[in-house]
Amino acid sequence: MSDASINTETDPLEAEFGDFLALLKPRVMSLVVFTAAVGLLAAPVPVHPFVAFCSVLFIAVGGGASGALNMWYDHDIDAVMKRTARRPIPAGKVSRGDALALGLTLSGFAVVMLGLAANWLAAGLLAFTIFFYAVVYTMWLKRWTPQNIVIGGAAGAFPPMIGWAVATGGVSVESVLMFALIFMWTPPHFWALALFMNSDYEAAGVPMLTVTHGRRATRRHILVYTLILAPLAIGTGFTAISGPIYLAVSVLLNLAFVKGAVDILRRDETHAVADKYRVEKRFFALSLLYLFLHFGAILAEAALRPWGLGGW
Amino acid sequence: MAIQVEHELHKRRRGRNLGLGLVLAAFVAMVFGLTMVKVARTDFSNAPKAAGGDK
């Protein structure tokens, strides 16, 4: 190697700022921000706007930190899967050590700052969420059981509960129902994704339901979980955080969601391959809208309450 | 080959340092803001009681 080559070669691990941001899974963070903010705003206790803003930010940073820990541990799986091969670690932009350091530092930072800004119950819930996602889901469940996303879904379901705890300092039926809504929504959402991304999971050796039990069983599971989710989501419409707007939105969405799940069950693989998993992809897109509109409706009820319009 | 005064690597490094600087500045502003909000609160329940304090 000449002197010139030393000066012209680019270190593959010289990351940009954006690469570190990518470690925090910004798209997942946006969902965390939204659901945590709804949990906080739907609570019956007002919070100072700046404290609310900082609290949601710390919850998002905690969620991002668990994403970095997930990428640190799952670097081997991510490198094999098409969907994740361009993440900073498999792409060679960030070293595993840096990802681990960032994840651990931000975890501690987010928990302590949330405790100081809001209360220690909310901070404890955030710490548990990070632990659950990074250790229980990533290190244990994901590579071990096809129930990985069923149980692991709890990690994604905690943010509205943390938001609620920021405002009230406690846990109540409403926050548990918001948790349950995301918890029961996660399996059909990810199994629909797994139906049209199956080869990815198979190549990486991740025991998704499609890999271990086959597509027929996955289609059945999607319908069963959707049928459990529907009454839970509609039932939330009769609690203090809801009102006519939520109930109307929820009934319509659940009808569409159940119909989508039935359509998925009715299809066989020949049809699915022939139209490139059109129905499964549509159900997946609907699932994103489903969650967004449910929490959007809870937010609308909370926003209209001061004018005597929201709620029952 | 012409000698490059600034390598692409330096640009990336500068971007990273600038980003970190902004994050730290935002953090300082946030802690200051939180302190102001908490200090300005009037509903402290653990404020020292006046009774018995004066001797």
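Does A:Phe58 satisfy the criteria of being in contact with a helix residue (DSSP H, G or I) (Cβ under 8 Å, 6 or more places away or on another chain), in a helix (DSSP H, G or I), aromatic (Phe, Trp, Tyr) and open to solvent by 10 Å² or more (accessible area, probe 1.4 Å)? Spelling it out, it is not the case that A:Phe58 is in contact with a helix residue (DSSP H, G or I) (Cβ under 8 Å, 6 or more places away or on another chain), in a helix (DSSP H, G or I), aromatic (Phe, Trp, Tyr) and open to solvent by 10 Å² or more (accessible area, probe 1.4 Å). In this structure, A:Val136 does not qualify as open to solvent by 50 Å² or more (accessible area, probe 1.4 Å) and β-branched (Val, Ile, Thr).
For region A:130-160, the tally of residues that are within 14 Å of A:Met208 (Cα to Cα) and touching a helix residue (DSSP H, G or I) at 6+ places or on another chain (Cβ under 6 Å) stands at 11. With respect to the conditions (1) more than 8 Å from chain A (Cβ to nearest Cβ); (2) at pLDDT 90 or above, B:His10 falls short on a single one, namely (2).
Kindly provide the set of residues from region A:198-237 that are farther than 27 Å from A:Ala85 by Cβ and not aliphatic (A, V, I, L, M), ordered by number.
A:Arg216, A:Arg219, A:Arg220, A:His221, A:Tyr225, A:Thr226, A:Pro231, A:Gly235, A:Thr236, A:Gly237
Tell me, please, whether a residue that is open to solvent by less than 10 Å² (accessible area, probe 1.4 Å), more than 14 Å from every other protein chain (Cβ to nearest Cβ), part of a helix (DSSP H, G or I) and over 30 Å from A:Gly170 (Cα atoms) can be found in region A:78-98. Checked region A:78-98: at least one residue is open to solvent by less than 10 Å² (accessible area, probe 1.4 Å), more than 14 Å from every other protein chain (Cβ to nearest Cβ), part of a helix (DSSP H, G or I) and over 30 Å from A:Gly170 (Cα atoms). Given the condition part of a loop (DSSP other than H, G, I, E, B) and more than 21 Å from the chain's Cα centre (by Cα), answer yes or no: does some residue in region A:213-221 qualify? Scanning region A:213-221 turns up at least one residue that is part of a loop (DSSP other than H, G, I, E, B) and more than 21 Å from the chain's Cα centre (by Cα). Within the option set A:Lys276, A:Lys259, being open to solvent by 10 Å² or more (accessible area, probe 1.4 Å) and assigned to a loop (DSSP other than H, G, I, E, B) holds for one residue only, A:Lys276. Do we find that A:Leu227 is surrounded by 20 or more Cβ atoms within 10 Å (Cβ to Cβ) and either not acidic (Asp, Glu) or not in a helix (DSSP H, G or I) (or both) in this structure? The answer is no for A:Leu227. The test for being within 13 Å of chain B (Cβ to nearest Cβ), crowded, with 23+ Cβ neighbours inside 10 Å and in a helix (DSSP H, G or I) does not hold for A:Val112.
If you go through region A:153-183 and pick out every residue that is open to solvent by less than 30 Å² (accessible area, probe 1.4 Å) and modelled with pLDDT of 95 or more, you end up with 17. Residue selection: A:Ala79 fails the criterion of being under 22 Å from A:Ile182 (Cα atoms), in the same structural domain as A:Cys54 (by TED's automatic domain parsing) and among the small types (Gly, Ala, Ser).
The values are calculated or read from the model by the stated rules, or taken from the named source; none is laboratory data. From a predicted model like this one, the values you see are computed outputs, not experimental measurements. Cβ coordinates were reconstructed from backbone atoms using ideal geometry, including for glycine residues, and neighbour counts include every protein chain displayed. In case anyone asks, the SASA skips ligands and DNA or RNA and just uses the protein heavy atoms, side chains included. Shrake-Rupley method; radii C 1.70, N 1.55, O 1.52, S 1.80 Å.
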